[in-house]
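Heads up, the thing below is written out as structure tokens.
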Amino acid sequence: MRPRRVGNWGKLAVAARAALLHKIADGIEARFSDFVQAEVADTGKPVSLASKIDVPRGAANFRVFADLIKNAGIEAFRTETPDSVAALNYCVRKPLGVVGIITPWNLPLLLLTWKAAPALACGNCVVVKPSEETPATATLLAEAMQDAGIPKGIYNVVHGFGPGSAGEFLTSHPDVDGITFTGESRTGAAIMQTVAPTVKPVSFELGGKNAAIVFADCNFEEATGGLSEAVFLNTGQVCLCAERVYVERKIFGAFVQALKQKAETLHAGWPSDERTNLGPLISAQHREKVLSYYRLALEEGATLVTGGGVLKFGDDRDHGFYVQPTIYTGLPETARCVKEEIFGPVCHVAPFDSEEEAVAMANDTKYGLAASIWTSDLRRGHRVAQQMNVGITWVNCWFLRDLRTPFGGAGLSGIGREGGMHSLNFYSELNNICIRL
Ligand code: NAD
Ligand code: 6OH
């Protein structure tokens, strides 16, 4: 077996480690606007979004896991024996050693710290490989680590690409003891092959083709407002975004019109403008992918409700990768646009007549990340939520996060769960000790 490189960090008293993690959070907050500017410059996301979600969550991830590791109990069982002497089983937690963290470009600081914070809390050293599109906040975080007094060699950043580059080198390295990855499902499949010869534990948070189910008894304003966020937030570049919206036929027409109105009143503008709530896509290449689905939807027989093309401003913003927020109806459930993740500001809205039909359509996917249910009937909310084949279901809300809860997906959407104790369990090796009393 590989020797574990736990080092002094892993041996530090938990309270001391937790205090240092809080200092990292303090450092992020102290340089809040540097982090916001760096995230906006790398991604093109609206400054309002980076200030409201990305950077606060970067700090919160450290605080939550610092407190959790300090307060986490250990598992213990008193085991009966035939001679009535009994035994005591208890479990101790050790760091895995060196954890490789590979993250995507859509929520760069949020997703990197979501993994680095619990990994460090558990006493591991980390090597992070941010997306080649968004290297800046991982680097700024290294400065915050240094300012907080984290010893050298605990938080390491390598920049580079995926295949044949830093990503693949990290996953194949024999001295890396575990890999946690967020990104596309097919990248997850490639990483699985690379880690196989060295048998590392993996945690994968992958893609989605998430459904929303809107019942006629929903609070209409809340549902249309919530779905507008769920479809268009971060220009649709959130793994949890809803790209399939199922609406009870009684309110289908009114709902489509209301969502269309929301789409058409989004403020697409400079990322630095506080009023902007629709920024550009991440890159020319990604815009080409999204536009190829816009074309495909029409070829597959969709009715275009709004959008469907590139946004034009007549100024320098035309060098950005803006697309129109887009809504389609009329596609068969077998269409590629209903089956494949697009990762843009786009959804397909389809009517349903019964609860059973809605559940069946929502579950008819190879992915299984998230779902949202919109209804005023609480019993129905519970009933439908429990039938969703996903890792995360929201009722009358979306992307409302409690960092202690399990987060992850079924099927093509991932392997394992992170969040709360699930993170602590992934980033630790458990040693069960059985003592005959
Ligand atoms: P991606 O898979 O292309 O890249 C993610 C990271 O993996 C990057 O750092 C990249 O350099 C690296 N990488 C690529 N190929 C690699 C390889 N062979 N070996 C090692 N590393 C490799 O994903 P992306 O385009 O950056 O992000 C968008 C995708 O991420 C979407 O599919 C989205 O659904 C998914 N995502 C999922 C979650 C979740 O929590 N489930 C969260 C955010 C994004
Ligand atoms: C995907 O793009 C969003 C993932 C969100 C989280 O991992 C989180 O912890 O909120």
If we keep only residues of region 379-396 that are at negative phi and in a loop (DSSP other than H, G, I, E, B), then the residue most open to solvent (accessible area, probe 1.4 Å) is Asn389
When every residue in region 51-64 that is among the charged types (D, E, K, R) and either open to solvent by 30 Å² or more (accessible area, probe 1.4 Å) or under 27 Å from Gly10 (Cα atoms) (or both) is compared, the one nearest to ligand 1 (Cβ to nearest atom) is Arg57
Tell me which of these Gly409 doesn't satisfy, since it passes every other one: (1) over 25 Å from Arg336 (Cβ atoms); (2) touching a residue at least 60 places away in the same chain (Cβ under 8 Å); (3) surrounded by 20 or more Cβ atoms within 10 Å (Cβ to Cβ); (4) within 16 Å of ligand 2 (Cβ to nearest atom). (1)
Here are Asp83, Asp147, Asp67: which of them is in contact with a Gly (Cβ under 6 Å, 6 or more places away or on another chain) and surrounded by fewer than 20 Cβ atoms within 10 Å (Cβ to Cβ)? Asp147
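Here's the yes/no breakdown for (1) surrounded by 14 or more Cβ atoms within 10 Å (Cβ to Cβ); (2) within 25 Å of Ala335 (Cβ to Cβ):
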| site | (1), (2) |
| --- | --- |
| Ala254 | no, yes |
| Lys262 | yes, yes |
| Thr265 | no, no |
| Pro271 | yes, no |
| Arg275 | no, no |
| Gly279 | yes, no |
| Val290 | yes, yes |
| Ala297 | yes, yes |
| Asp315 | no, no |
Quick one: which strands (runs of 3 or more DSSP E) lie wholly within region 1-118 and hold at least 3 residues that are of a type in the set (A, V, I, L, M, F, W, C) and either within 27 Å of Pro151 (Cβ to Cβ) or under 18 Å from the mean Cα position of the chain (by Cα) (or both)? 98-102
Determine if region 227-243 includes at least one residue that is over 28 Å from Lys129 (Cα atoms) and open to solvent by 30 Å² or more (accessible area, probe 1.4 Å). yes
Please work out which one of (1) of a type outside the set (A, V, I, L, M); (2) touching a Leu at 6+ places or on another chain (Cβ under 9 Å); (3) within 16 Å of ligand 1 (Cβ to nearest atom); (4) within 30 Å of Leu311 (Cβ to Cβ) is the condition Lys339 fails and give its number. (2)
If you check Arg336 against the conditions, is it of a type in the set (D, E, K, R) and more than 18 Å from Gly236 (Cβ to Cβ)? no
Please go through region 176-195 and pick out each residue that is more than 16 Å from ligand 2 (Cβ to nearest atom), touching a residue at least 24 places away in the same chain (Cβ under 8 Å) and farther than 21 Å from Pro118 by Cβ. Ala190, Thr194
Take the conditions open to solvent by less than 20 Å² (accessible area, probe 1.4 Å) and either assigned to a strand (DSSP E or B) or of a type in the set (Ser, Thr, Tyr) (or both) and apply them to Ser376. Does it pass? no
Hey, Lys250 away from ligand 1 (no atom under 13 Å from the Cβ), touching a helix residue (DSSP H, G or I) at 6+ places or on another chain (Cβ under 6 Å) and open to solvent by 30 Å² or more (accessible area, probe 1.4 Å) or not: no
Pull out all pairs, ordered by first then second residue, where Cβ-Cβ is under 7 Å, the residues are six or more apart or on different chains, the first lies in region 261-273 and is over 15 Å from Thr43 (Cβ atoms), and the second is part of a helix (DSSP H, G or I). Lys262/Thr224; Lys262/Ser228; Ala263/Phe232; Leu266/Phe232
How many residues of region 150-171 are crowded, with 23+ Cβ neighbours inside 10 Å and assigned to a strand (DSSP E or B)? The answer is 1
Can you go through Glu132, Glu80 and tell me which one is within 16 Å of ligand 1 (Cβ to nearest atom) and either among the charged types (D, E, K, R) or more than 23 Å from His286 (Cβ to Cβ) (or both)? Glu132
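The values are calculated or read from the model by the stated rules, or taken from the named source; none is laboratory data. Not measured: the values here are computed from a predicted model. So basically every Cβ, Gly included, is an ideal-geometry build from the backbone, and we count neighbours across all protein chains shown. Keep in mind that these areas ignore ligands, DNA and RNA; they rest on the heavy atoms of the full protein, side chains included. Shrake-Rupley method; radii C 1.70, N 1.55, O 1.52, S 1.80 Å.
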